[in-house]
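**Student:** Once you've had a glance at the structure underneath, I'll fire off some questions.
All of the numbers you see were taken from the coordinates with simple rules; none came from a lab. Since we're looking at a predicted model, the values are computed, not measured. Cβ: placed from backbone, ideal geometry, glycine included. Neighbour counts: every protein chain shown.
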Protein chains: 2
Amino acid sequence: MALAATFASKISDGSLSVGIIGLGYVGLPTAIGFHDAGFNVWGVDVSQRTVDMVKAGQNPTGDPDVDDIVPAPGTENWHITTSTAEAVPHCDVVLVTVPTPITHDLKPDLSYVEAAGRAVFEAIPKGSNTIVVLESTVYPGVTAQTWMPIVEELGLVIGEDVNIAYCPERFNPGDAAHGVRSVARVIGCADEDVGHALVELYSKLTSEDVRYVGKLEVAEAAKVIENVQRDINIALVNELARIFPAMDVDVEDVLSAAATKWNFHRYTPGVGVGGHCIPVDPYYMIQRAADVGVPAGLITAARAVNRSMPNHVAGVLHDLLYQAGVPAGEGRVLLLGWSYKPEVGDPRETPAEPLAEALQAKNVHVAAWDPHLEGAELPDSVEVIADLEAAEGFDLAVLVTAHQACLSLDWGALQGRMRRSIVYDGRRVLDLEALGALGWQAHAVGRPASE
Amino acid sequence: MALAATFASKISDGSLSVGIIGLGYVGLPTAIGFHDAGFNVWGVDVSQRTVDMVKAGQNPTGDPDVDDIVPAPGTENWHITTSTAEAVPHCDVVLVTVPTPITHDLKPDLSYVEAAGRAVFEAIPKGSNTIVVLESTVYPGVTAQTWMPIVEELGLVIGEDVNIAYCPERFNPGDAAHGVRSVARVIGCADEDVGHALVELYSKLTSEDVRYVGKLEVAEAAKVIENVQRDINIALVNELARIFPAMDVDVEDVLSAAATKWNFHRYTPGVGVGGHCIPVDPYYMIQRAADVGVPAGLITAARAVNRSMPNHVAGVLHDLLYQAGVPAGEGRVLLLGWSYKPEVGDPRETPAEPLAEALQAKNVHVAAWDPHLEGAELPDSVEVIADLEAAEGFDLAVLVTAHQACLSLDWGALQGRMRRSIVYDGRRVLDLEALGALGWQAHAVGRPASE
């Protein structure tokens, strides 16, 4: 446990330096967390705008939880730069927190992981035994397969110049109770000594359990299946949200009844699943299962259900317009919320986008209002409503994101400005009876049209 | 709330009579529970053997939790008979707890529900307003579709002669913590007054929440999706148990790592899913979804995974025999446990049966030992091992059921009597390292063969 002991000593005398590559919604709070925990922190991002904002003490992420915690300019042990080459030689440990999106053909895009890794490895001094930890979500095998060829190409020796580990982030935007300082972590590393050294380090970051779980692939797999399991459970309630209304039963009544059982997991159906993890990670697993020749039929089926929800809902909405007597091509729909998650200003992978596209494909005019986003963050094809008070002449209002601002808007006043007063609750968060009393014709995902 | 008030009065003066049709693993503990709660109980079963045993104070079910609680002969307010016609006229409420198995073509078999219902309705006195409650698992719509034609045919009037309700049993064999006296219940009924009357009644049976959830179909659907959700979550870990070993990763390491996350649901892979609910109920849902023309692709995919596990494991076991040099047609496999669930003596829907069949189809000789079952309860084609001490000459021992007796058997002595010492843990409950130290070549579901 030589390295763990060295780490412990450096941790106690405050001389350990931590580098964070990528100052996004994961990296920035992580960097701040390590700084708060007493470490010397080097933060790196390729974006000049991000670096300028962070240096100025501002929050470039859309996460309001980060708003007030970015260190002020001139804070000690807080170094922010666009240059990986500048930062890395100062660091005992470098954490890589870059995005791993999916490409348009639903394959994992590992180019950020590869580029960030290369920049880090090129900057590592020989003999420094720097530990490089990937935190980005990947599928099992990716860390070694992506980074080891670079390590070898550069002539670095594992255990002398560099060590590689994987510690998946478990960031949940908008969920302050499970921030980087208060979430359990798992560490995978081929070298058990290095694994235990990282347990020492991360135990200073979080108050929760930090566990060495074995080789890289175990930790990689753990991260992916956390999101795969969530995708599957959401897919089930979404599948049921299509089946039960056809039986004249409201899926929410059924889920509430089932939830009285001690071992039932309560999930809520919706217009679709968004964000950086749940709609993305299952494709990693499907890809890797295909690589090793084993079917992933269940994971694939779940993805199919969740991915088709926006299109399914668009069909339901179009039927509502038709039944309300709106002539073809003249329907006007107002989306309330665009972000993929309540209280978060983040349009990436939002189901609002395929929902809008599916409506537009049916010649429906689509407008959207989201107080957490700038208009420029929405697609050009969508009419941006900056001031909800000025929104008028719509046939149908759709609650897409359960922002508090959407729930508590003046529904009576909005009803008065609609051309037709149809509302569709895409998140099952509205009081449909109360809306009915205000004159709305209220519908919801998973609810029979007749109710 | 007239009926609820009448009920409350009859409950308080101890004059309410409850009939239970079907004294199986659900009905018998339910009858005992209502008797213990102070009610006058009439228990009916079509099996003369069951009635004789219960009358004698014996336990005809395989559930050891019922062993010591069957009332002794001559107990007051405890009437057991094979005659529905005799019992029903005495009863204010009749609960129907008959089996709803699936047919060989995977369709729900509702013949018991129909026959029991007919016998009850034929015995109901006109004007008695007897409440008939179905507790058997069915899919949404079944209670009304099966029973209402009989009610109409017999000229009974709903609300005057009879009322119909649905209150799904939530029995979990072998799980004393969630017995009939301590599990939340949901009640569905078209008549809200009747629903609330039943809430009064069931609240005397159980210490947990009893809730009126609306019409029959809501309660029917709740029951089915509880088991569907469980089937899907087990299917996921079973799918992963096939994928991860192909990546040289043990699925249990991954699941344990993921389980450190606050919202992960821990399930364990196995040789297959058994019992009366989980492998059965999803077919009800699939059937009903097909009836209303909505795809149930996810539920179907989950069933496919779980249903194929015994066959998958048989293939793995056959490979182990082949790699150990056992000549084709000479393999001898010993199954440890046959029951579908630990500590329960119940062979119905056990995955042991398709596992044995798949091995036999590969010309492997299959023997089984289960201290919770009588030999006659196993198929004729399987050699029954009554005394494990006499079991010898096997190549491979497979832990099928996590009975305590299987876990704590003398593994050292068994190893000495094997022809080859291969063990396969089909439930991930054995200490594989300890078995290795005893000379076993240890394998397990979801574990790479190389470990």
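**Student:** Could you pull the Rg and Dmax for the protein assembly as shown, using just the Cα atoms, both in Å?
**Tutor:** Rg, Dmax (Cα atoms, Å): 31.0, 94.
**Student:** Can you give the convex hull volume per residue for the Cα atoms of the range A:225-451, as a whole number of Å³?
**Tutor:** Enclosed volume per residue, from the Cα hull, is 133 Å³.
**Student:** Please enumerate, by chain and number, the lysines with C-alpha under 26 Å from the C-alpha of B:LYS55, excluding those fewer than 8 residues away in the same chain.
**Tutor:** B:LYS204
**Student:** At B:TYR322, with labels set 7 Å past Cα in the Cβ direction, how many nm apart are the copies from this one, shortest first?
**Tutor:** Sorted ascending, the copy-to-copy spacings read 5.4 nm.
**Student:** Round to the nearest 10 and give me the degree value, 0 to 90, for the angle of helix A:297-323's Cα axis relative to the longest principal axis of chain A.
**Tutor:** 30
**Student:** Something else: What average count of beta carbons from other chains do you get within 10 Å of the Cβ of residues in B:291-297?
**Tutor:** Counting Cβ atoms of other protein chains within 10 Å of each residue's Cβ and averaging gives 6.
**Student:** Taking other Cβ within 10 Å of each residue's Cβ, how do A:THR50, A:THR30, B:THR146 sort, fewest first?
**Tutor:** With the sparsest Cβ surroundings first, the list reads B:THR146, A:THR50, A:THR30.
**Student:** On to the next question. Can you list the HN-Hα couplings for the range A:79-94, worked out from phi with the Karplus curve (6.51, -1.76, 1.60; θ = phi - 60°), rounded to whole Hz and with x for Gly and Pro?
**Tutor:** Going residue by residue, I get 10, 10, 8, 8, 9, 4, 4, 6, 6, 4, x, 7, 9, 7, 9, 10 Hz, with x marking Gly and Pro.
**Student:** Further question: Over chain A, what is the relative contact order in percent, taking alpha-carbon pairs closer than 8 angstrom and at least six residues apart?
**Tutor:** It comes to 12 percent, rounded to a whole number.
**Student:** Next question. Of the listed peptides A:18-28, A:39-49, what is their order by residue-averaged count of other C-beta atoms within 10 Å, with the highest listed first?
**Tutor:** For the peptides A:18-28, A:39-49, the packing ranking is A:18-28, A:39-49.
**Student:** Just rank A:ASP92, A:ASP13, A:ASP410, A:ASP231, fewest to most, by other beta-carbon atoms within 10 angstrom.
**Tutor:** Least to most surrounded, the residues fall as A:ASP13, A:ASP410, A:ASP92, A:ASP231.
**Student:** Run through the other copies and list how far each one's label point is from that of B:ALA386, in nm with one decimal, shortest first; the point sits 7 Å from Cα along Cα-Cβ.
**Tutor:** 8.9
**Student:** Still on this structure: Hey, what do the phi angles of the range A:246-253 turn into as Karplus ³J(HN,Hα) couplings, whole Hz, using 6.51/-1.76/1.60 and θ = phi - 60°, x for Gly and Pro?
**Tutor:** 5, 9, 6, 10, 7, 4, 5, 4
**Student:** How would A:SER9, A:SER203 line up from fewest to most surrounding beta-carbon atoms within 10 angstrom?
**Tutor:** Ascending Cβ contact count within 10 Å gives the list A:SER9, A:SER203.
**Student:** While we're on this one: Tell me which A residue has its C-beta closest to the axis rotating A onto B, and the distance in Å?
**Tutor:** Axis-proximal residue of A, distance in whole Å: A:ALA301, 2.
**Student:** Placing +1 on the Cβ of each Lys and Arg and -1 on the Cβ of each Asp and Glu in the range A:225-451, which of A:SER408, A:THR260, A:GLN323 has its Cα farthest towards the positive end of the resulting dipole?
**Tutor:** My answer, from the dipole projection, is A:THR260.
**Student:** What is the percent of Cα-Cα separations in the range B:268-326 that go past 16 Å?
**Tutor:** Summing the P(r) tail past 16 Å for the range B:268-326 gives 56 percent.
**Student:** Which whole-Hz couplings ³J(HN,Hα) result when phi for each residue of the range B:394-405 is put into the Karplus expression 6.51 cos²θ - 1.76 cosθ + 1.60, θ = phi - 60°, listed in order with x for Gly and Pro?
**Tutor:** Values per residue, Gly and Pro as x: 8, 8, 8, 10, 10, 7, 9, 10, 7, 4, 4, 4 Hz.
**Student:** If you don't mind, another one. Run the quick spin-label model on B:ALA5 and B:ARG49: label points 7 Å from Cα toward the beta carbon, then report their separation in nm to one decimal.
**Tutor:** So the label points at B:ALA5 and B:ARG49 sit 5.0 nm apart.
**Student:** Give me, ordered by chain and number, the residues 5 or more places off B:VAL96 or on other chains with an amide H under 5 Å from its own placed amide H.
**Tutor:** Here the answer is B:ILE21, B:VAL133, B:LEU134, B:GLU135, since their amide H atoms fall under 5 Å of that of B:VAL96.
**Student:** Okay, next question. Counting only DSSP beta bridges with both residues in chain A, tell me the antiparallel percent, nearest 5.
**Tutor:** 5
**Student:** Sticking with this one: Which whole-number value in Å³ per residue fits the convex hull of the alpha carbons of chain A?
**Tutor:** Taking the convex hull of the Cα positions in chain A, it is 152 Å³ per residue.
**Student:** I'd like the distance between the alpha-carbon centres of the range A:67-126 and the range B:1-77, rounded to an integer number of Å.
**Tutor:** The range A:67-126 and the range B:1-77 have Cα centres spaced 68 Å from each other.
**Student:** Put the label 7 Å from Cα along Cα→Cβ for B:LYS126; what are its distances to the other copies, in nanometres, shortest first?
**Tutor:** 10.6
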